[in-house]
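The values are calculated or read from the model by the stated rules, or taken from the named source; none is laboratory data. Predicted model only: the values in this text are computed from it and were never measured. Glycine also receives a Cβ, built like all others from the backbone with ideal geometry; neighbour counts cover every protein chain displayed. In case anyone asks, the SASA skips ligands and DNA or RNA and just uses the protein heavy atoms, side chains included. Shrake-Rupley method; radii C 1.70, N 1.55, O 1.52, S 1.80 Å.
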Amino acid sequence: METSLDKTLKTVATLALCVIAIELVPVSKKAAYWNRCLDSTVGWINEKPDLNTWSQKAKESLAVGVCNGAVYEPKLKTSL
């Protein structure tokens, strides 16, 4: 038989897991949005003929900067 302490602990643990799951929803939506931004930006960069000479890492680096909103470097690094 379960004591009242056992029931209370199970209830608190269940509630804690539910709160954690609810708190993760906005984070997962933000991550999905960022991943879509990265994929579409890399795709856009790959379509540009002027940027075909860049390495894939350089293209992804630029895409990360664009998606983070931090493209501020005056000189672009075309190879890493």
For this session: Count neighbours as other Cβ atoms within 10 Å of each site's Cβ, and list the GluC sites (Glu not before Pro) in the range 1-62 that are DSSP loop with at most 14 such neighbours.
Result: 2
For this session: Tally up the carbon and sulfur contribution to the accessible surface of the chain as a whole percent, 1.4 Å probe, everything protein left in place.
Result: 63
Exercise. Among [x] 26, 16, 14; [y] 48, 11, 10; [z] 31, 18, 6, which is the computed semi-axes √(5λ) of the Cα gyration tensor in Å?
Worked result: [y]
Exercise. Within the chain, what is the number of lysine pairs with alpha carbons under 17 Å apart, leaving out pairs fewer than eight places apart on the same chain?
Worked result: 7
Problem set entry | Accessible-area value, residue 11, 1.4 Å probe, nucleic acids and ligands omitted, Å² | 80
Exercise. Full extension from residue 32 to residue 7: what is 0.36 nm times the residue separation minus their Cα-Cα distance, to one decimal in nm?
Worked result: 5.3 nm
